[in-house]
Amino acid sequence: MLNNMKAWNLGYEKAKQKAKSLYSKIGWLSCPAFGGETVAFTSDGFNHLLRKGRVPRTRNEQKRRFALVPYLARIIKNPKAVILYERRETKTVVNRHGDKIVVQSVADFWTFVVTIDDCKIKVVVRQLSQAGNKHFFSVMGDNITIARGTRRKKSIKKSRK
């Protein structure tokens, strides 16, 4: 029988505050898989939990990701984590002073995969250029349930005639 990992039984705003507090305490981590190189936990990483590009994630999806924040350091420091590597080349059109220019960039991604409480958790670390810092980019889990709160029905006041 599978145990589902549960998201915190908190409202959205409180879950976000708790995750942000835990996340901001991490700062930098030394990663054994990268020969002791540091992985930065920046605001860009936390913002990626909230949105993908410019598109906001659903609140339930955000809460699922918030619930995984306490595991980030443990997974990145885990020498037994399975690590997948991918290099992506992107071309984007940017507007520079009225001129449209194609900018080509290369990004390296490492995905750390660990199973905790029957939940496969993936932590993604990204490096934007050979000289750039490695930084936390994303976290996702495959078996996280959101506690469904019961909403109270508003009482209907009878009008007096």
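No value in this document is a laboratory result; all are computed from the given coordinates. Keep in mind the model is a prediction, meaning the values are calculated, not measured. Please note: Cβ atoms are built from the backbone with ideal geometry, for glycine as well, and neighbour counts cover all protein chains shown.
Structure data summary
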quantity: The chain, relative contact order [Cα under 8 Å, separation at least 6], %; calculated: 27
quantity: Spherically averaged projected area of the stretch 54-128 from its Cα convex hull (nm²); calculated: 7.0
quantity: Summed residue charge, Cβ within 13 Å of Ile83's Cβ, Lys/Arg positive, Asp/Glu negative; calculated: +2
quantity: GNM flexibility winner over the chain from Lys52, Lys18, Lys100 (Cα, springs under 10 Å); calculated: Lys100
quantity: Calculated on alpha-carbon atoms, Rg and Dmax of the stretch 5-145 in Å; calculated: 16.2, 52
quantity: DSSP-defined beta bridges in the stretch 5-145 - what % are antiparallel, rounded to 5; calculated: 90
quantity: Computed [θ] at 222 nm, deg cm²/dmol, the chain (DSSP H ≥ 4; -39,500 (n - 2.57); rounded to nearest 500); calculated: -6500 deg cm²/dmol
